[in-house]
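Input: a single structure, listed below in C-alpha cells.
The values are calculated or read from the model by the stated rules, or taken from the named source; none is laboratory data. Please read all numbers here as calculations on a predicted model, not as lab measurements. A quick note on method: Cβ atoms are made from the backbone with ideal geometry, for glycine too, and the neighbour counts reach across all protein chains shown.
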Amino acid sequence: MARTAALTAPYHGMDHTGQLQDAPEALTDTIVAGHLAGWQLAVHAIGDRAADVALDALERAQRAHPRPAARHRIEHAGLIRPDQLARFARLGVSAVVQPNFLRYFGDDYAAIMGEERAPWLYRGRGFLDHGVTLVGSSDRPVTDGAPLRAIQFMVERASESGQSIGPDEGITVDEALRAYTVGGAFACHWDASAGTLTPGKRADLVVLGDDPRGVSTSRIGDIEVVTTYVDGRAATS
C-alpha cells in the first residue's frame, strides 16, 4: 500500500522501486548466520527484488552448509517473476502467501504493478506447477484471519470489486485447502502432529456447514464454521 516493496523495475507510472530494510550485504549476512546456526528461517520479501536478495542469500547459505531439510520460508512472496519460481523449487523454499491481500487491496496492487506484472502477485498455480510448497496465511491484522475467504480468492482470483487478477494463477479448492492444512504444517515442521486427520496426530479441525468443494466458488468464504476442535476438544468462545 505504501509503495515501499523492493522491486526490480519502477512502480507503474512512478520513478521509484521501493526499498529494502537494510543493505543487501547485511541482510545476506544475517540469513547465512541464521542458517549456519541451525535455524529455520522465515524471510520476509514482498517485491521481486527483495525475493532476489532472499533467494541469493539462502542459496549462499546452503552452499556453505547444505541443510536440505531446513524448510526455509519466504513470507509474503508478493511479486514473484516467472524466472524466480524454479529457484524456489531448487532451494526447497516454501512460499507463505496472503491471498486476502489481493482480495481486499487487489485493485490498487494491480494498478501499481501494471498489466505485465499484476498476474505475478501472490501466485498460486505457478508455485504448485514448479513443485514449491504453497502455504496460505493471513498476516492478521493487516487483513482478517478467516481462511475460507482466502481460500475463495486462491480459487477465483477476484478482488472485492470483482476484478480478475492473474486468473491463470488460480488453483483448485482441494489445492487451496491443502495450502491451509498440509502446507502450513509442513512449513512449520509440524507435519508429524498436524495438517491431516491421521491416527496419532492432534485432532485440530473444524466442522463446516457446507462442503467447500460442493458449493459455487463465490460462496466458499461465507460457509459457516459450526464447531472448532483443538487437540480433540471443542473450543469454547
(request) Looking at (1) at negative phi; (2) modelled with pLDDT of 95 or more; (3) more than 14 Å from the chain's Cα centre (by Cα); (4) crowded, with 18+ Cβ neighbours inside 10 Å, find the lone condition where Ala179 falls short. (result) (3)
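For segment 204-218, name all the residues that are more than 18 Å from Asp174 (Cβ to Cβ) and either in contact with a Lys or Arg (Cβ under 7 Å, 6 or more places away or on another chain) or surrounded by fewer than 13 Cβ atoms within 10 Å (Cβ to Cβ) (or both).
Passing the criteria: Val207, Gly209.
From the list Gly184, Gly209, Gly221, pick out the single residue that is in contact with a strand residue (DSSP E or B) (Cβ under 8 Å, 6 or more places away or on another chain) and in contact (Cβ under 8 Å) with a residue 24 or more places away in the chain.
Numbers: Gly209 fails: in contact (Cβ under 8 Å) with a residue 24 or more places away in the chain; Gly221 fails: in contact with a strand residue (DSSP E or B) (Cβ under 8 Å, 6 or more places away or on another chain).
Sole residue among the options that is in contact with a strand residue (DSSP E or B) (Cβ under 8 Å, 6 or more places away or on another chain) and in contact (Cβ under 8 Å) with a residue 24 or more places away in the chain: Gly184.
Would you check which residues across segment 209-223 are touching an Asp or Glu at 6+ places or on another chain (Cβ under 8 Å) and farther than 19 Å from Thr181 by Cβ and list them? Lay out the reasoning, then the answer.
Just the residues of segment 209-223 that are touching an Asp or Glu at 6+ places or on another chain (Cβ under 8 Å), to begin with: 209-210, 213, 217-219, 223.
Hits for segment 209-223 are Ser218, Arg219.
Can you tell me which residue in segment 154-204 is nearest to His76 (Cα to Cα), limited to those that are charged (D, E, K, R) and assigned to a loop (DSSP other than H, G, I, E, B)? Spell out how you get there, then give the answer.
Taking segment 154-204 as the starting set, the residues that turn out to be charged (D, E, K, R) are 156-157, 160, 168-169, 174-175, 178, 191, 201-202, 204.
Still in the list and also assigned to a loop (DSSP other than H, G, I, E, B): 157, 160, 191, 201-202, 204.
Numbers: Arg157: 16, Glu160: 20, Asp191: 21, Lys201: 28, Arg202: 27, Asp204: 25 Å.
Among residues in segment 154-204 that are charged (D, E, K, R) and assigned to a loop (DSSP other than H, G, I, E, B), the one nearest to His76 (Cα to Cα) is Arg157.
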(message) For segment 219-236, check the following and say yes or no: at least one residue is surrounded by fewer than 14 Cβ atoms within 10 Å (Cβ to Cβ), touching a helix residue (DSSP H, G or I) at 6+ places or on another chain (Cβ under 9 Å) and part of a loop (DSSP other than H, G, I, E, B).
(response) no
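Only one residue in Asp15, Asp22 is under 23 Å from Gln98 (Cβ atoms) and among the acidic types (Asp, Glu). Which one? Spell out how you get there, then give the answer.
Values: Asp15 fails: under 23 Å from Gln98 (Cβ atoms).
Within the list Asp15, Asp22, the selection yields Asp22.
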(request) Please verify whether segment 145-158 includes one or more residues that are in contact with a Phe, Trp or Tyr (Cβ under 7 Å, 6 or more places away or on another chain), more than 16 Å from Tyr122 (Cβ to Cβ) and among the hydrophobic types (A, V, I, L, M, F, W, C). (result) no
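So, Gly166, is that one closer than 19 Å to Gly124 by Cα, among the small types (Gly, Ala, Ser) and touching a Leu at 6+ places or on another chain (Cβ under 8 Å) or not?
yes
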(message) Looking at (1) farther than 21 Å from Ala23 by Cα; (2) outside any helix (DSSP H, G or I), which one does Asp83 not meet, given that it meets all the others?
(response) (2)
(request) Could you check Ala192 against (1) in contact with a helix residue (DSSP H, G or I) (Cβ under 9 Å, 6 or more places away or on another chain); (2) more than 15 Å from Phe105 (Cα to Cα); (3) small (Gly, Ala, Ser); (4) buried (at least 17 other Cβ atoms within 10 Å of the Cβ) and say which number it fails? (result) (4)
(message) Going residue by residue through segment 98-107, is there one that turns out to be in contact with a helix residue (DSSP H, G or I) (Cβ under 9 Å, 6 or more places away or on another chain), within 20 Å of Gly184 (Cα to Cα), outside any helix (DSSP H, G or I) and at pLDDT 95 or above?
(response) yes
(request) Could you check Leu58 against (1) farther than 20 Å from Asp139 by Cβ; (2) surrounded by fewer than 18 Cβ atoms within 10 Å (Cβ to Cβ); (3) under 22 Å from the mean Cα position of the chain (by Cα); (4) not charged (D, E, K, R) and say which number it fails? (result) (2)
(request) Identify all residues within segment 11-35 that are aliphatic (A, V, I, L, M), in a loop (DSSP other than H, G, I, E, B) and exposed (fewer than 14 other Cβ atoms within 10 Å of the Cβ); write none if there are none. (result) Met14, Ala23
